[in-house]
Structures are given as structure tokens and as C-alpha cells.
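Below is one structure; the comments refer to it alone.
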């Protein structure tokens, strides 16, 4: 650990805090004040007319069914593009059709915002598939995330005016289109230009073949990288153009590009907290949620940075210079700090990109990556869905805190009753169900174990990591596990689908019951959902719920591996 | 008279132990999913014990260990049942002692043709008429339709002084179990036996019949969710252990599961709900539903009548102000004479004040000659005539007319003083005799002693108080300031009350109000929490969702506290339950893998003796903590009127941080004992 590393971490968060308010305010204007962009209004009207979107408010069931319908269509289209890519244009390498199980896994993966990559980008997907199929879904998945957040925020902050006129959560199609047009596209254009300036490639050329200095032939994959890269990070998608993701010099060439890639990961999730504050008419609500996120992100970054700065005890008996720490699998142009912070943010958010090999992290460093995801992807989390998940924890925290101060719990003046608790608890229980069941099945069955390259505790971590990444829609991988098998392609696709739409369904159900509730005034006896105490409570609840759920498996996986490595053995 | 002996504490505990055993059946336990899981765990380990006993080749653990685990799991369920049964027993003891009085009574039913017949009280139906003579008990709740009587309500309120109940007044209702001391009454029964307040209340404390309140249901769902998560965690641990080449027994997995699921709160949640009602009952409050008690904790705004609640009910003199050239003693004497036969509360208090402050001025001889002129609404004066000489006291305008008629000089300063007193919110009474205007008596509403403190506590709890009074603005303002209420509503009519409640509710506040008159009924029904006085009319009581047997309107403070305590106890024990899981993990996980991954002994930070003692200690701690917390569940977590933040910080420190630390100590102690006695 050195001063430079800490400075980089501090600078990133300072810049993030400075950008939160302006971007958050912009988002608020985009979604909640229809008249703020006069020039665009007429264009918007014509576009909606063309798509025959009337834009009337939807209740939660209608909102949820529009959303799920749209996304299932997305899966089908993406599946068909992949399985027919040899017939489609922009395939300079003449790549063959993707096998059905891998295509299904990839389609679900990109639609569910996971971007789990069982394929290897440059060798199995054509430029058309990458650009039209994947990049399009990167926008739609992030847009869907923003939409569900908006629906939930409206559920908490709006209220029905009369009994007949029930409260609505807004219109999914309007939210989606606004997200893509006014938020994701402009930010992506700016960011791609910056990336190109740093040396990220953007072309349609086929793979180039060079003769290296040693005289051997080397192939360099080419393609429209910068455009996909921008939305990969801004939309917390994570699907890189290349298999090596942000470690690849054509995706992430310089320390500066690395710094801004990290910022891009957390930019929109952080700004949304301010938007949420504006929507609830109390910016303190948003700042408190951001404080909880920043605190947990800093904790994670500090832990990883610390563990990765330690030498690998397994190499102690060799005469290897380990002064810098655990550099295996890391790019020297980013160093320990740049890799640790990137890994931390990529698992905090559902970004799931990587600029280092997570499989080579120290056991405890890798455990923090796992924990970041196991917390429920609420430390920033995915675009929209991160805050969405955080609000589920808020509902539970308020439920317990409300009881402890002797009042029937209420959040933003709305009573939290049986129904909301039921959906919130199911939301929380959904993830252990998917993660633990998937992992348990895989470590029992021969078709699960056959993909393992590392036995023992590390093998358990690898499988656990795969199901965690899928269920939480993160998409990063511990590698070391051959995930392109029928078993993993199908089960992970199912886990991704349920992890994404199961949680969205439950959260929207809460929005639906909350929006029709009467707002009760706060009094001196009400526990405020902002301030230091609330932030501490929220962090405490998130940590303890996750800790109690995953303690045994984390002890058997990464922690046991750590204990072994301290004794200088692998298993 | 029937003497009813309330059951002793020991009796209740003995009876509840029997009940706990009886309720050890799955159908009853299914209502409480957390304990149901423990029940299944107990059954499973018992089956394993039986299997191991007969075919020891199959056993993974020694018999004594499986046996001990099974034993303690059964006790966990038993302790939870006992907690509920004790709460139920206490509540029932209180309610039945009140009810027993009514049920054994024989009632004299009066038919429309005037015939009378004797029937057991239990056969009475609504709208029956009964006659009750002096010294008899009132067999059922009812309304007096004829007569006036003094009634001993001590059996219910504990207050020894008898109260007067009269037909066609706001004091016309009588409660089952009270006794008529004088005169006879004709009563119309207002409730069928089984529907009276007491019966309602008994239903609320009977565990088997009790309806869960909305908040209890929400908590239950939360606990089921946690149980579900831990079921997933524990069942997937078996494959993980197999992967780690470790063979773990079902007994230990069941032990881990039972330790993790929220048994502490799950085992006590029913007892907490029942004892909330029981605490209300102990304060002589009858709640119509458990929900009403919960709502009480949430009250934001409280509407209170001024008279009788905030003030003593009648005005008291505080000062005599003689006119110019009038000796204060002359004024005092005139007041004493005019008030001697005046039996109104004002008259009594003036007489008392004058005699106490200025001494006695009148002789026996004078008293004999006294002719008392009572107060009338037309003259708005009262007084006396003595040997052709008149003394009058009354509203200053009335005395002014009297003086003008008699041709007396009206000193301007008297008019000024009267106006000043009026502006200060007091009542000026002028006094004149046949020759001159003597001066002014300053009467004031006296705020009940101690009421200010109670309002301050309400304020600290976050409750906004509104005083309702028919008085004018100035009077109301003075009293409001003196008593420390937040707002007041002057010159109010019952409609104003109703409107005000609606206004506050529209703003999103939960409103409580106390009332006793029939004209309060709509407001009581509209309020989120309507508390009727036992002395009130049946209409008021029917509209309300609580009845205060002591008819003490400031008892709202206790009611709010009971409501808050109920919720706090649930919250705090839930927090404790979750927090205590941390220590149990540290006890059980290293024990589970001691053979396959001995390195994990690094987690055995408590230094527990052996894997068996570690698991057993955690299970025993888990069972005993329920017993240890029964008193807290029954008494409720202490509520302190402080801001929500401070309250939460305090509770989090005690039950959250404490919940993490205490089990570490507890499990270590149990382990040490187990090792010491050589069991493991």
C-alpha cells in the first residue's frame, strides 16, 4: 500500500461526490419534469406517436408485465442473432453460429444486465452480434434498470389522490425511451470519445495479423470497441468486447482511462441517489443512502487493497520478489491500487468488468469481491437496480427500527405492513435460494465438478462465485471454472433470469402496495430515515443479513483457503 | 358478597406448565412457524435417537449427545409454550376475577307488564330490563333508565369512594361486577353476556382464540422469511460438507438450524402480544382489540376536554378585590353570607377560601335568619336575604343591573378590574349589597396538580395535545398556557371536535380522544383511538375502542406507553434474536468441521471444550435465553420518553450490540459447566 494508491481511491470518491448532484438533478429533470427540455418535447411526442405509446400511467402489474414482455422479446431476438450470425453482415472472420446453449446463456446474460460471458468475445461473436445484439441490449438492460428504480421511487413518494384514481408508477415505455435517449446515449457518446482519445480502438476491420519481433505470427482482433466499452461501464453491464475485458490494452489502455472507467461504473448509480432525494422531496434521503454506499465501498476497497498488497504466502519459499504485493494476474500499468479499486467497484456495482484476474486475488481479497456481490449488489449496484435493492433493505431496516422506537413502522410517511414485509423478505431470500442451491447442486453432481480446474476450497469459491455473479446479475467471473458446458450454461441462465426478474417483480409489487397508501405526518416519535444513525443501522442490517446467510459457505471456501495458504499448502 | 381470590403467581405458573405440555401438538404449533420448525427438529432428533438405540451401527453421534440435543429442543418448544401460557394465565386471572362476580349473580328481570322473575345473570339478553336493589351486584353492562344510586366500582377500578350514577345523564351507564350501595335502579341491559367488555377482553388474552394484530402478522412474516433463509443455509451446508469430504450428522445440522432461526422472538411473540393486553387490563383499561393497543403507541395528536381533565372541574377563588373605601373584611363577610347555603361547587369553594383566609365572620344567630336565593340562569346571580337586607354575587353585568335597579353608585374601577380579570381568562364575580357595590371575587380555573408534568411527558413522546373547551378564547388561552398543552380549541361544540379530528387526520396524524358524553360518540368513533370513560354513556362506550374503568382522562399517557412498549419489545427481541446468531456460528461451524478441516478451529474464539460441548452449549443457550427473557416479554421493554433517535440508539446498543456479545459469554459459561460436570 502506498500514498499514491490511497490518493487514487480518495480522488475517485471526491470526484464522484462532486458529480452526484449535477447529474442527479439532470436525471430528475429528465424523468419527473416533462417540460424542462423544450426543444426535445416535440421530437419526443412524434416518437411516442410513431411507436403508439400513449404514456398513460401504469399500475404495478401492468408496469411489470410490459417490462418482462419487453425483456423476453429481447432474449429471443438476441438468441436468434447469435444462432444465425453466419448469415448476417459484419462478420469479417466468418464466425460460425453460436451453439444453442451458449447462445441462450449469452442472450439471458445480456438482457438480465449480467453480461456473464461464457463465450470468448473475439473468437465466437461477429461484429454484428457484438454491435447490434449486445450493445443494443446493454442500453436496454440499463434502461430497464433505470425504469424499475423510477417505478419504486414513485411508489414510495407519490400517493393516490382519491380512492378511484389509484396511484400509478409511471409508464415503462416512456421511462425506458427517456433513459436511453437522454441519459445513456449522450453519456456514452462523450465517454467513447474520451476512450478513443486514450487509444481504445473503434473500427470494422477484420483481425489483423502481425509478425512480432520474435518473428512469430500474432493475431490482433479488431472491432467497434470504444462504443461498446462506454455503455459497458456507464450502464454497469460489464460485457467486454474482448475476453480479457478491461485488462485488454485495446479496451483500457492507460491509467487515466482506467480511472475514468472506474468513475463511469459508479457515476449513474450514485447520481440516482440524488434523483431519489428530489423525488421524495427530501434530498437528505438520497444523501444518506449515498453515504451508506460510499462507506461500504470504501471499506471494501480498503480491505482488498490491503489483502492484495500482501505477498502470497505460497510463494514465500521461492525466491520471488513480492514487494509490491500479490501482482499475479494484475496489469502493471494499473498496479495494485488501480486493480483493487477497479475490482471492488466492478463487484460493488453490477458492472462485473475486470482489469485483473480475480481468480488470482488472495483468498481474502477474493472473498471481499464475493461479499460485495453477496451483499445484494446494493453498494451502488447496477444502474437503477442497485438503489432499487438498497430500498428493499431500507424497508426492512425501517421495519425493525420502527418497532424499536415503539411505532408502527413507516417509511416516508407510509406504513410498512405485512404485505411489504412479505415482498421485501422474499426479495432478500431469493438470492440465497438461487446462489446456495445452485452451488450446492454443482458441488454434488459430477457434471458440476467436471468443470473445476482447482479442487478443494478454491474450487468451492469458483462455483460459488459463478452462481453469485449470475444471481446478482454482476457478470464478473472467478475464471478457473469452465462455464461453457450444458449444465452451467442452462442453470446459470435460469439463475440470471430469476435473479433479475424475480427481484424486479417483488420490488414492483412493493411499489404497487406503497403507492396507494396514505402519507402519515412525521412527528417527534418517528424515526427519521436519514442521518448518521440511520446510515449505521442500514449498513448494519445489510452486513448482518448477508453475513448470517453466507457465513458457512464463505468459511468453507475462501476462508479455509486463506487458512491453508497461511500454512503454505493449497488444500 | 362473593369474594374472589385472584390466583397466586405460583398457581399461574403451575397451571401454565400443564398447558405448555398440552400444547405440544403440531396442530397448535403450526400457528407459530418458527416454533413449528423447532418441533420438527425435536421430532427428527428423537427419531434418530430411537434408530441409533436399536441399531447402533448407523449412529454418527453418541447416544447421550443425540439424546441431550433432542431433550433441549423439546424444552425450547416447551419454554415458548410456557411463556405464552404464563402471559395468558395472568391476563385471564385478572379478567376472570372481574367476570366471576357477574356470572354467579342472580338478576331480577322485569317484564313489560311489570312482572318480575329471578334469572341467572348469564341468561340476560340485550334490552332486557332488570331491577337492582341496594347492596346487589350489577349482573351485566347496562344503562340506567330509572333512578339514581351510589355505586361501588371498587371491584373494577380499585377506587374506594362510591360514585353516583343517574338516568338520563352522561353518567347513566353501569358495568357488570359493580355493586349498588343505595337506592334501587331500573337498568336496560346493553350487551348480551359474552359480548360485554370483559368478555371481549378475555378473548384478547386467550392464546388459542386471539386474533393476531396487523403488526404481529407483519413480524410473523418477517420471522418466517428468516426461517426460510436459514433452512436454505442449513440444508445446502450438507452438500458443501460432503464436497469438503466431511460427514456431518443430521443431528448437528438440526441443532444449527434451531440455533439460527429466530427462536427467541418466535418463542415469545405470542406472550408479548398477550401481556400487552394484560398490562392494559392491569391499568383498568379495557381494549376492544389488540390493534387498538398497538395504535395507541402511534398517537400523534391527543384531544382532551378541559373540564375535569385538565382543570379540577370547578373554578376556585384566588383573590378578593374590594372596591374603593370598602374593607376587605366586609367583602369577605358578604361573600360568606351569600355562599353559606350555596351548594354549587363555586359556592363551596368561595366559602372555604374566605373562611380559611379571613376567618369566620358569621354567627349561629345570623345563619338562622338567612334566606338563600339560588342561582338562576335568568338573573345570573345568587345570594341571600337577611332581615330585609340583600346580598348578591354574580356575573359583573348582572350585578351592574342589580345596582342600577337599587340606584347604587357603580365604581368605575370595579368594572375595569372585572374586564382585566376576564382578559386574563379568569371569571370575575361582583358582589353588592343593598347599600353599595362591595367588590370583585377573582375566580379561576385551577389546573390539576401534576398535569403539567404529564403534558411535558406527552410532548417528549412526540404527542401534540389539543385542549377542547367551551370557554372563551382568553380563558382557554390562560389555562392552556398554565397546563402546558400545545394548542386549544375555544368555544368548541361537539361538531368542532369532530371537524378538528378530521382535519388532523387529513394532515396524516393519528388522533386519540377521550370522552364520556353521548354527544362525544361521533368524535370517539372518528378518532383513531377513542377512549371512553367507564362513567360515560353507553353510546360513548360503543363508539370508542377503549374504555377506561377509572374514568381518568389523563390515563392516555399510560395507554400510549403500553402501546409503545408492545412494539418496542417485539423490535428489541427481534434484534436480539438476529444478533445472537453470530456467536452461535462461531460455536458450531468449527465444531462441524473439526475432523475434515481442523484449521477452522481458528474460528473457535470462545475456546469451547469439545465439538459436542460447543454444539450442546449453543442449543442449551438458545433454549435458556427464552426462559431468561420471559419476564422482559411480560413486563415489556421500558419506554423512556425521549426522541426516536436516542431511543433507537439506546435499544440498538442494548439489544443489538448486547445481542452479539451476551451469547459469547453465555455459551462459554454453559460450555465450562458442561466440561466441569464431566458431561462432555
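The values are calculated or read from the model by the stated rules, or taken from the named source; none is laboratory data. If you're wondering where the values come from, they're calculated on a predicted model, not measured in any experiment. With ideal geometry, Cβ positions are generated from the backbone for all residues, glycine too; neighbour counts draw on all protein chains shown.
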- Message: Filter region B:555-598 down to the residues that are within 9 Å of chain A (Cβ to nearest Cβ) and outside any helix (DSSP H, G or I) and list them by number.
- Response: B:593, B:597
- Task: Tell me which residues, restricted to region B:522-544, are more than 14 Å from chain A (Cβ to nearest Cβ) and surrounded by fewer than 23 Cβ atoms within 10 Å (Cβ to Cβ).
- Result: B:522, B:525, B:526, B:538, B:539, B:542, B:543
- Message: Considering only region B:628-645, I want to know if a residue exists there that is more than 30 Å from residue B:251 (Cβ to Cβ), touching a helix residue (DSSP H, G or I) at 6+ places or on another chain (Cβ under 6 Å), part of a helix (DSSP H, G or I) and within 12 Å of chain A (Cβ to nearest Cβ).
- Response: yes
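Rundown of residues vs (1) touching a helix residue (DSSP H, G or I) at 6+ places or on another chain (Cβ under 6 Å); (2) surrounded by 14 or more Cβ atoms within 10 Å (Cβ to Cβ); (3) modelled with pLDDT under 75; (4) over 20 Å from residue B:428 (Cβ atoms), yes/no style:
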{"position": "B:331", "(1), (2), (3), (4)": "no, yes, no, no"}
{"position": "B:336", "(1), (2), (3), (4)": "yes, yes, no, no"}
{"position": "B:349", "(1), (2), (3), (4)": "no, yes, no, no"}
{"position": "B:352", "(1), (2), (3), (4)": "no, no, no, no"}
{"position": "B:357", "(1), (2), (3), (4)": "no, no, no, no"}
{"position": "B:361", "(1), (2), (3), (4)": "yes, yes, no, yes"}
{"position": "B:364", "(1), (2), (3), (4)": "no, no, no, yes"}
{"position": "B:370", "(1), (2), (3), (4)": "no, yes, no, yes"}
{"position": "B:376", "(1), (2), (3), (4)": "no, no, yes, no"}
- Message: Please list, ordered by residue number, the helices (runs of 4 or more DSSP H) wholly in region A:82-182 having 1 or more residues that are within 22 Å of residue A:244 (Cβ to Cβ).
- Response: A:100-111, A:121-124, A:136-157
- Query: Among the residues of region A:424-433 satisfying the criterion of being more than 9 Å from chain B (Cβ to nearest Cβ) and buried (at least 24 other Cβ atoms within 10 Å of the Cβ), which is nearest to residue B:216 (Cα to Cα)?
  - Reply: A:427
- Restricting attention to region A:387-409, which residues are facing chain B (nearest Cβ under 9 Å) and on the phi < 0 side of the Ramachandran plot? A:396, A:399, A:400, A:401, A:402, A:403, A:404, A:405, A:407, A:408, A:409
- For region B:545-553, does any single residue satisfy the condition of being on the phi > 0 side of the Ramachandran plot, in contact (Cβ under 8 Å) with a residue 60 or more places away in the chain, under 23 Å from the mean Cα position of the chain (by Cα) and more than 11 Å from chain A (Cβ to nearest Cβ)? yes
- Note on the structure: Taking region A:326-342 and the residues there that are in a helix (DSSP H, G or I) and out of contact with any helix residue (DSSP H, G or I) (no Cβ under 6 Å at 6 or more places or on another chain), the one that is modelled with the lowest pLDDT would be A:335
- Message: So, in region A:530-566, exactly how many residues are touching a helix residue (DSSP H, G or I) at 6+ places or on another chain (Cβ under 7 Å), over 21 Å from residue A:429 (Cβ atoms) and surrounded by fewer than 23 Cβ atoms within 10 Å (Cβ to Cβ)?
- Response: 9
- State the number of residues belonging to region B:290-329 that are farther than 25 Å from residue B:425 by Cβ and out of contact with any strand residue (DSSP E or B) (no Cβ under 8 Å at 6 or more places or on another chain). 9
- Query: In this structure, is residue A:387 in contact (Cβ under 8 Å) with a residue 12 or more places away in the chain, part of a helix (DSSP H, G or I) and under 26 Å from residue A:187 (Cβ atoms)?
  - Reply: yes
- Message: For region A:204-247, give me the residue count where each residue is out of contact with any strand residue (DSSP E or B) (no Cβ under 7 Å at 6 or more places or on another chain) and over 30 Å from residue A:387 (Cα atoms).
- Response: 8
- Hits in region B:296-329 (condition: more than 30 Å from residue B:481 (Cβ to Cβ) and either in contact with a helix residue (DSSP H, G or I) (Cβ under 6 Å, 6 or more places away or on another chain) or buried (at least 17 other Cβ atoms within 10 Å of the Cβ) (or both)): B:326
- Note on the structure: Of the residues in region A:529-544, those that are at the interface with chain B (Cβ under 8 Å from one of its Cβ atoms) and in a helix (DSSP H, G or I) number 4
- Looking at (1) touching a residue at least 40 places away in the same chain (Cβ under 8 Å); (2) assigned to a loop (DSSP other than H, G, I, E, B); (3) surrounded by fewer than 24 Cβ atoms within 10 Å (Cβ to Cβ), find the lone condition where residue A:214 falls short. (1)
- Item | residue A:501 being more than 13 Å from chain B (Cβ to nearest Cβ) and either under 22 Å from the mean Cα position of the chain (by Cα) or in contact (Cβ under 8 Å) with a residue 12 or more places away in the chain (or both) | yes
- Message: Quick test of your reading of the structure: residue B:349 fulfils all but one of (1) under 22 Å from residue B:316 (Cα atoms); (2) assigned to a loop (DSSP other than H, G, I, E, B). Name the failing condition by number.
- Response: (2)
- Message: It is to be established whether one or more residues within region A:486-505 are in contact with a helix residue (DSSP H, G or I) (Cβ under 7 Å, 6 or more places away or on another chain) and more than 30 Å from residue A:243 (Cα to Cα).
- Response: yes
- Message: Which count do you get for residues in region B:582-609 that are within 16 Å of residue A:544 (Cβ to Cβ) and crowded, with 24+ Cβ neighbours inside 10 Å?
- Response: 2
- Query: What's the number of the condition residue A:18 fails, among (1) buried (at least 16 other Cβ atoms within 10 Å of the Cβ); (2) modelled with pLDDT of 95 or more?
  - Reply: (1)
